[in-house]
1. Does Lys193 meet the test of being at pLDDT 95 or above, of a type in the set (D, E, K, R), within 16 Å of ligand 1 (Cβ to nearest atom) and farther than 15 Å from Leu132 by Cβ?
2. Out of all the residues in the range 115-167, which are under 23 Å from Asp28 (Cα atoms), buried (at least 18 other Cβ atoms within 10 Å of the Cβ) and polar (S, T, N, Q)?
3. Can you name every one of the helices (runs of 4 or more DSSP H) wholly within the range 1-57 that holds 3 or more residues which are near ligand 1 (Cβ under 10 Å from one of its atoms)?
4. Within the range 175-191, work out how many residues are away from ligand 2 (no atom under 13 Å from the Cβ) and within 30 Å of Ile104 (Cβ to Cβ).
5. Which residue out of Ala52, Ala83, Ala26 is touching a helix residue (DSSP H, G or I) at 6+ places or on another chain (Cβ under 7 Å) and at pLDDT 95 or above?
6. Step by step: first the residues of the range 143-177, then only those that are touching a residue at least 40 places away in the same chain (Cβ under 8 Å) and small (Gly, Ala, Ser), then the one that is nearest to Asn209 (Cα to Cα). Which residue is that?
7. Determine which member of the set Ile171, Ile188, Ile199 is more than 10 Å from ligand 1 (Cβ to nearest atom) and either over 30 Å from Glu30 (Cα atoms) or outside any helix (DSSP H, G or I) (or both).
Amino acid sequence: MKTAFIITAAQAIQQTILANENTLEALDREIGDGDHFINMKRGASNIVDMQAELAGLSPDAALNKIGMKLLSTIGGASGPLLASFFMSMAKVLKENGDESTLKIAAAFAAGVQAIIQRGKASVGEKTMLDVLVPVSNQFVLLATQNCDTKLICATLIKVAEEGMQSTKNLIATKGRAAGLGERAIGHIDPGAKSCQLMIEAVCKQVLENESR
Ligand code: ADP
Ligand code: MG
């Protein structure tokens with residue numbers, strides 16, 4: 001992994017968040033408090049604004065800095081959760097290195113574990129984890145099997161989409177939507193949607209780099 005890629009990925013994430021303003025706004029208005037788009041937009045623009053500072057850092061140090069920035073600038077439940085993802089991913093990359101897809105997958109999985117620990121949620125509770133856990137599992141599996149990057153990216157885009165869609169018919173048992181009971185059924189979880197968009201954007205960026 002290269003820090004230049006992290007910066008390009010952050011720009012791609014910002015673009016997809018901005019392009020999906022109406023969707024993200026509406027989802028959090030339906031089953032939350034309506035601030036998820038604003039939170040994600042603020043987080044993404046803060047990271048993109050740091051690009052000059054990030055450029056001089058190693059990938060793990062850049063991801064750690066991103067996590068710290070998210071912790072101090074995004075409010076809501078999603079800020080500290082996403083911050084813990086980046087900081088844990090950074091820690092594992094620093095310890096184990098980042099020179100193989102398997103090492104990156106393992107660091108991604110550690111980031112998802114940090115979200116689980118911090119938020120005390122698991123799959124099936126109608127949160128971002130319904131996207132992140134299946135993506136992480138599949139990422140580790142495909143990397144272990146030495147699959148090529150194109151196949152991994154195409155698969156993860158699909159798994160993220162399925163995970164996001166799966167939240168539609170779930171009752172929420174964590175986060176703000178937990179108070180809604182059956183009224184949350186029929187609505188996709190906003191955090192699951194933003195995670196799906198971010199995964200798609202990053203995977204497409206990898207695919208684009210591959211085809212150059
Ligand atoms: P808030 O809920 O504080 O308004 P956001 O609207 O930014 O914060 O984020 C809401 C999203 O955070 C939810 O859609 C859900 O995906 C995610 N979320 C909330 N609580 C948890 C949790 N305990 N574990 C994992 N994700 C959670
Ligand atoms: Mg909200």
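The values are calculated or read from the model by the stated rules, or taken from the named source; none is laboratory data. Remember, it's a predicted structure, so these values are computed and weren't measured experimentally. Positions of Cβ are generated from backbone atoms using ideal geometry, with glycine treated the same way; all protein chains shown enter the neighbour counts.
1. Values: at pLDDT 95 or above: yes; of a type in the set (D, E, K, R): yes; within 16 Å of ligand 1 (Cβ to nearest atom): yes; farther than 15 Å from Leu132 by Cβ: no.
Spelling it out, it is not the case that Lys193 is at pLDDT 95 or above, of a type in the set (D, E, K, R), within 16 Å of ligand 1 (Cβ to nearest atom) and farther than 15 Å from Leu132 by Cβ.
2. Residues satisfying the conditions are Thr127, Ser166, Thr167.
3. 21-31, 36-49
4. Residues meeting the conditions: 1.
5. Ala83 is the lone residue from the list that is touching a helix residue (DSSP H, G or I) at 6+ places or on another chain (Cβ under 7 Å) and at pLDDT 95 or above.
6. Ala154
7. On the way: Ile188 fails: more than 10 Å from ligand 1 (Cβ to nearest atom); Ile199 fails: either over 30 Å from Glu30 (Cα atoms) or outside any helix (DSSP H, G or I) (or both).
Ile171 is the lone residue from the list that is more than 10 Å from ligand 1 (Cβ to nearest atom) and either over 30 Å from Glu30 (Cα atoms) or outside any helix (DSSP H, G or I) (or both).
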